[in-house]
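The block underneath contains the structure these notes are about, expressed in structure tokens.
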Amino acid sequence: MARSPQAVHDHVPTVSVTLNVNGIEHRLDVDARVTLLDALRDALDLTGTKKGCDQGACGACTVMADGKRILSCLTLAAQCEGRAITTVEGLSADGGLHPVQEAFVRHDAFQCGYCTSGQIMSAVCLMAEGRAGSDTDIREFMSGNLCRCGAYPNIVAAIREVAGGGDA
């Protein structure tokens, strides 16, 4: 007997996944199709990571997985088993801000703030990758992170400062 289309949609497989987020292990039972972004925001209440376009085009959902930047809206939570995930909430140490966060504040590198967490996560990664040698490099390797407010010059200045290029 064939199953109706509705019956196919009624059964959504769940998976058990252990996510190491900001140094803490979390055991979750989630829909097999849930993205890392939705798991972070909905299951773990880590709302610093933003849902912008939900298509991987804006960078607002950027987080680190094993020290590399990824788009959490395009990554399934189940794909992150055994990986070290860092969100913007995990950058702070001992209650203080990360140097990139401090520089973003000093340089007013945000306006509405919606893209800021993704911008910061991408900036931390690009510096770790050694890709902040010039303003041109910074712009190129930050190009996947969009800012509708147009704070780009201030974002570049903040990254340059932390990367060792001095104050703009």
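Brief remarks follow.
- GLU89 acidic (Asp, Glu) and either within 23 Å of ASP137 (Cβ to Cβ) or more than 12 Å from the chain's Cα centre (by Cα) (or both): no
- Condition met for ARG139 (touching an Asp or Glu at 6+ places or on another chain (Cβ under 6 Å) and over 25 Å from ARG41 (Cβ atoms)): no
- If you go through region 72-88 and keep only what is crowded, with 23+ Cβ neighbours inside 10 Å and not in a loop (DSSP other than H, G, I, E, B), you end up with ALA77, CYS80, ILE85, VAL88.
- Whether a residue is surrounded by 15 or more Cβ atoms within 10 Å (Cβ to Cβ), at pLDDT 95 or above and assigned to a loop (DSSP other than H, G, I, E, B) was assessed, and CYS58 passes this test.
- Filter result for ALA157 (farther than 19 Å from ASP38 by Cβ, in contact (Cβ under 8 Å) with a residue 40 or more places away in the chain, more than 11 Å from the chain's Cα centre (by Cα) and not in a loop (DSSP other than H, G, I, E, B)): yes
- Filtering region 61-71 to residues that are surrounded by 15 or more Cβ atoms within 10 Å (Cβ to Cβ) and not β-branched (Val, Ile, Thr) leaves CYS61, MET64, ALA65, ARG69, LEU71.
- Subset tally (residues that are within 14 Å of VAL15 (Cα to Cα) and in contact with a His (Cβ under 9 Å, 6 or more places away or on another chain)) for region 29-45: 2
- Selection count where residues are within 23 Å of GLY90 (Cα to Cα) and touching a helix residue (DSSP H, G or I) at 6+ places or on another chain (Cβ under 6 Å), scope region 122-137: 6
- Number of the exception - CYS115 against (1) surrounded by fewer than 20 Cβ atoms within 10 Å (Cβ to Cβ); (2) at pLDDT 95 or above: (1)
- Identity of the residue in region 27-53, loosely packed, with under 15 Cβ neighbours inside 10 Å and of a type outside the set (A, V, I, L, M), that ends up nearest to THR87 (Cα to Cα): THR47
The values are calculated or read from the model by the stated rules, or taken from the named source; none is laboratory data. As the structure is a prediction and not an experimental result, all values here were calculated from the model. As a convention, Cβ positions derive from the backbone with ideal geometry for all residues, glycine included, and neighbour counts pool all protein chains shown.
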